[in-house]
Amino acid sequence: MDYQTTVSINENEKKKTKKKQVKVFDQKPTSAFIGASWVSLLAGIVSYCIGLWNADMLLNEKGYYFTVLLFALFSVISVQKAVRDRLEGVEVTDMYYGISWTTTIISILLLIIGLWNADLQLSEKGFYSMAFLLSIFSAIAVQKNTRDVNYIEKSQTNSEKEMF
């Protein structure tokens, strides 16, 4: 016996024809969070660089640690961009996504290996580690805030154009 009603048939048809909707994010980050993200990014980078400037290291060692910081900043921003692009439905190749994560992990490992083998006091190693982590986390937050604000402003502009 077929106990299916017309209501359930219509519901099944609606489910089949329903298109995947893009999620609309309308929660703009607060000015305080945006400011805190920028301040922490600048604090992390500046303190890391001041530490390098004042360190009793050879110039090539200072260059190594500075390059690792720049490499990490670029890598984490690439990861955040790839994750956000996928969330928004922008096509991101698996190769780019994988490379972004790989370079992020490599940059962190390079810092760990460098500090492990460095002739520094334990407190100095901790300082560089914390400044490094603060910098890369803050870079992710700044990139996310920038994308959020840009996305929301673009959505609001498009919705205003549709009204007129």
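Looking at region 24-73, which of the residues that are over 28 Å from residue 121 (Cα atoms) and in a helix (DSSP H, G or I) is modelled with the lowest pLDDT?
Taking the candidates together, the pick is 31.
Output the residues belonging to region 89-104 that are surrounded by 13 or more Cβ atoms within 10 Å (Cβ to Cβ) and of a type outside the set (Ser, Thr, Tyr).
92, 99, 101
Those residues that are free of Cβ contacts under 8 Å to residues at least 40 places away in the same chain, over 16 Å from residue 68 (Cβ atoms) and not hydroxyl-bearing (Ser, Thr, Tyr), I need them from region 127-157; list them, please.
Listed by number, the residues that qualify are 150, 153, 154, 156.
Could you please give the count of residues in region 58-70 that are of a type outside the set (Val, Ile, Thr) and either more than 20 Å from residue 109 (Cα to Cα) or surrounded by 16 or more Cβ atoms within 10 Å (Cβ to Cβ) (or both)? Steps first, answer last, please.
Here is the first cut: in region 58-70, the residues of a type outside the set (Val, Ile, Thr) are 58-66, 69-70.
Now narrow it down to the ones that are either more than 20 Å from residue 109 (Cα to Cα) or surrounded by 16 or more Cβ atoms within 10 Å (Cβ to Cβ) (or both): 58-59, 61, 64-65, 69.
Count: 6.
Give the residue, chosen from 52, 59, 111, 133, that is under 30 Å from residue 31 (Cβ atoms) and of a type in the set (A, V, I, L, M). Spell out the reasoning first.
On the way: 52 fails: under 30 Å from residue 31 (Cβ atoms); 59 fails: under 30 Å from residue 31 (Cβ atoms); 111 fails: under 30 Å from residue 31 (Cβ atoms).
Within the list 52, 59, 111, 133, the selection yields 133.
If you take the residues of region 122-164 that are of a type in the set (S, T, N, Q) and at pLDDT 90 or above, which of them is surrounded by the fewest Cβ atoms within 10 Å (Cβ to Cβ)? Working first, answer last.
Our first condition is that a residue be of a type in the set (S, T, N, Q); within region 122-164, this holds for 123, 129, 135, 138, 143, 145-146, 150, 155-159.
If we keep only those that are at pLDDT 90 or above too, we end up with 123, 129, 135, 138, 143, 145-146.
Details: 123: 7, 129: 15, 135: 25, 138: 22, 143: 20, 145: 19, 146: 15.
Out of the qualifying residues, it is 123.
Determine which member of the set 144, 154 is within 17 Å of the chain's Cα centre (by Cα) and among the charged types (D, E, K, R).
On the way: 154 fails: within 17 Å of the chain's Cα centre (by Cα).
Only one candidate passes the filter, namely 144.
Quick check, is residue 107 assigned to a helix (DSSP H, G or I), under 13 Å from residue 136 (Cα atoms), small (Gly, Ala, Ser) and touching a Phe, Trp or Tyr at 6+ places or on another chain (Cβ under 6 Å)? Even if it seems obvious, please write down each step before you answer.
Details: assigned to a helix (DSSP H, G or I): yes; under 13 Å from residue 136 (Cα atoms): yes; small (Gly, Ala, Ser): yes; touching a Phe, Trp or Tyr at 6+ places or on another chain (Cβ under 6 Å): yes.
So residue 107 fits the description; yes.
Which of the following residues is touching a residue at least 12 places away in the same chain (Cβ under 8 Å), surrounded by fewer than 16 Cβ atoms within 10 Å (Cβ to Cβ) and over 23 Å from residue 101 (Cβ atoms): 38, 53?
Sole residue among the options that is touching a residue at least 12 places away in the same chain (Cβ under 8 Å), surrounded by fewer than 16 Cβ atoms within 10 Å (Cβ to Cβ) and over 23 Å from residue 101 (Cβ atoms): 38.
The values are calculated or read from the model by the stated rules, or taken from the named source; none is laboratory data. Values in this document were obtained by computation on a predicted structure and should not be read as measured data. Quick reminder, even Gly has a Cβ in these numbers, built from the backbone with ideal geometry, and neighbours come from all protein chains shown.
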